[in-house]
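The structure under discussion appears below in the form of structure tokens.
The values are calculated or read from the model by the stated rules, or taken from the named source; none is laboratory data. Keep in mind it's a predicted model, so treat the numbers as computed, not measured. Please note: Cβ atoms are built from the backbone with ideal geometry, for glycine as well, and neighbour counts cover all protein chains shown.
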């Protein structure tokens, strides 16, 4: 769990957190209605709030540890089922990987996730009526463009036909190859959807693999080769040149998966998902999803306590009993859901720790040294790509010219080295959401998906070099970009690690074939139940996947409710 942050003015989300606790205190007559009204006003305006008044912890039906989006999703489903739920968050704000902050004065940037795609392929937003809680999604179309250094542009629209037309402007042969690639990828993605939505168990795997083979319309050997191979190989077989290989690979890398990872072909096929379902931005930034979940949780009678770092989860005699915070607050509970890194939850906080084969299996789960580094660039105009067209700034803007460059970057970062050629992409969500920047100005979220978590010489010594090289690359694609800059904030992996992300890994564990779906984080724990009675796991490191999905949270809640019935 992350260390407690230094005192600073509380964010709007932090104020909402505080409001959640204070509303519960008013319920028990520990605060006057006037005091709660004052705090609510501060939550709306984002001004500082006083520390919450401590109350007796008592006994709860469920304690959820971690207020990332999966923890909040789980808590909403449990509170909606009538359970007494409290969510404990170690930081002074909720959200985890779904946060938006004013990292440059006057400019609001997403700190981790930008596009919310998987959750919009599920029924979670509708089931929790997140629109009624203030959440509004805006489609990003085209969802991606390739901004090649030689001036060529490739636009990937939600419509496959429109995308093929765009590619044909540079290469009719490449356009035909992309159309064939999507003809194969679309049925594969449809076959995968039940797993991504959290609707597939381990016993369904053979049937789904057979369906995938049929979807690929190839022989068994070819199907196995494609499914178990890396996307580097798949793209070289499927697409003639780097005109489309580079941008498609950039989007696959956006998921945190390297080009040579066995089984990584899935993430290149996943390109078809954006054609099927689109790519989506939460108006107001990723924080809007968190705020809507907090709103829904409070409306269902749940409680959220921030700045409540957990010290241990007590489970004597194989049965969960209580959660204890570092300041000594003890929450007795009939059940606990951990929505955090599963290794930290079960091998460090659980007392006694998970042992035997399940514990050894979890301890062996892997994460690599390749993560994401982000530069928030505040500008007075959008990047001026020569030959740009309206809508070019709506989605991901790829600066990956060659698949070889991405592959080499992954290899270098795994070894702790800054890549010779930085693979970069940008999001400029202020182009469709003017709430993020002052009038006439814009936010440029510049990301390197292949940055070393631990770099030779250390990030404090290498940050300036990284930023300079990244800005120079963008300047080469958008002349005049440097002169548009009004401020910069950098989020290197060491910053993420200080916030509590183990190894700076946003997915907690590698998204490898043996750590996905009914094998995530392990076969023993993929059902979200643990050998400890009443203890459940959720979060990015659990079944089915990481990213902004919400399905690990919903699945954990459903497992708990099924056991109660």
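Going by the conditions given, is residue 437 crowded, with 19+ Cβ neighbours inside 10 Å and within 26 Å of residue 259 (Cα to Cα)? First the steps, then the outcome.
Numbers: crowded, with 19+ Cβ neighbours inside 10 Å: yes; within 26 Å of residue 259 (Cα to Cα): no.
Here the answer is no, as residue 437 does not meet what is asked.
Table: residues versus (1) at pLDDT 95 or above; (2) closer than 23 Å to residue 377 by Cα; (3) part of a helix (DSSP H, G or I).
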{"residue": "162", "(1), (2), (3)": "yes, no, yes"}
{"residue": "167", "(1), (2), (3)": "yes, no, yes"}
{"residue": "170", "(1), (2), (3)": "yes, no, no"}
{"residue": "181", "(1), (2), (3)": "yes, no, yes"}
{"residue": "193", "(1), (2), (3)": "no, no, yes"}
Query - Condition broken by residue 514, with the remaining ones in (1) part of a helix (DSSP H, G or I); (2) in contact with a strand residue (DSSP E or B) (Cβ under 7 Å, 6 or more places away or on another chain); (3) not assigned by TED's automatic domain parsing to the domain that holds residue 379 satisfied - result: (2)
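Look at the stretch 308-355 and say how many of its residues are in contact with a helix residue (DSSP H, G or I) (Cβ under 7 Å, 6 or more places away or on another chain) and either assigned to a strand (DSSP E or B) or under 23 Å from residue 69 (Cα atoms) (or both).
Keep residues of the stretch 308-355 that are in contact with a helix residue (DSSP H, G or I) (Cβ under 7 Å, 6 or more places away or on another chain), which gives 310, 312-313, 335, 337-339, 341-344, 346-347, 353-354.
Next, from what is left, pick out any that are either assigned to a strand (DSSP E or B) or under 23 Å from residue 69 (Cα atoms) (or both): 310, 312-313, 335, 337-339, 341-344, 346-347.
Matching residues across the stretch 308-355 total 13.
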Report summary line: Residues in the stretch 347-393 that are touching a strand residue (DSSP E or B) at 6+ places or on another chain (Cβ under 7 Å) and under 30 Å from residue 473 (Cβ atoms) total 18
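Yes/no matrix, rows are residues, columns are (1) more than 17 Å from residue 252 (Cβ to Cβ); (2) under 23 Å from the mean Cα position of the chain (by Cα):
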position: 388; (1), (2): yes, no
position: 410; (1), (2): no, yes
position: 414; (1), (2): no, yes
position: 420; (1), (2): yes, no
position: 440; (1), (2): yes, no
position: 446; (1), (2): yes, yes
position: 451; (1), (2): no, yes
position: 457; (1), (2): yes, no
position: 464; (1), (2): yes, no
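If you scan the stretch 390-408, which residues turn out to be over 22 Å from the mean Cα position of the chain (by Cα) and either buried (at least 20 other Cβ atoms within 10 Å of the Cβ) or modelled with pLDDT of 95 or more (or both)? Can you show your working first?
Of the stretch 390-408, the ones over 22 Å from the mean Cα position of the chain (by Cα) are 390-392, 401-405, 407-408.
Once the filter is applied, which keeps residues that are over 22 Å from the mean Cα position of the chain (by Cα) and either buried (at least 20 other Cβ atoms within 10 Å of the Cβ) or modelled with pLDDT of 95 or more (or both), the stretch 390-408 yields 391, 392, 401, 402, 403, 404, 405, 407, 408.
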Requested in this report: Report yes if residue 325 is over 20 Å from the mean Cα position of the chain (by Cα) and modelled with pLDDT of 95 or more, otherwise no.
Outcome: yes
Requested in this report: Pairs only if they're at least six apart or on different chains, beta carbon under 9 angstrom, first in the stretch 181-197 and at positive phi, second surrounded by fewer than 19 Cβ atoms within 10 Å (Cβ to Cβ) and in a helix (DSSP H, G or I); list them, first residue then second.
Outcome: none
Query raised in the report: Only one of (1) out of contact with any strand residue (DSSP E or B) (no Cβ under 8 Å at 6 or more places or on another chain); (2) buried (at least 21 other Cβ atoms within 10 Å of the Cβ) fails for residue 505. Which number is that?
Result: (1)
Report task. Scan the stretch 259-279 residue by residue and report those that are under 23 Å from residue 131 (Cα atoms) and surrounded by fewer than 19 Cβ atoms within 10 Å (Cβ to Cβ). Result -> 276, 277
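Looking at 489, 413, which one is out of contact with any helix residue (DSSP H, G or I) (no Cβ under 7 Å at 6 or more places or on another chain), assigned to a strand (DSSP E or B) and in contact (Cβ under 8 Å) with a residue 40 or more places away in the chain? Write out each step before concluding.
On the way: 413 fails: assigned to a strand (DSSP E or B).
Result: 489 is the single residue among 489, 413 that is out of contact with any helix residue (DSSP H, G or I) (no Cβ under 7 Å at 6 or more places or on another chain), assigned to a strand (DSSP E or B) and in contact (Cβ under 8 Å) with a residue 40 or more places away in the chain.
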Query - Which listed residue is closer than 30 Å to residue 385 by Cα, surrounded by fewer than 20 Cβ atoms within 10 Å (Cβ to Cβ) and in contact with a helix residue (DSSP H, G or I) (Cβ under 9 Å, 6 or more places away or on another chain), from 159, 144 - result: 159
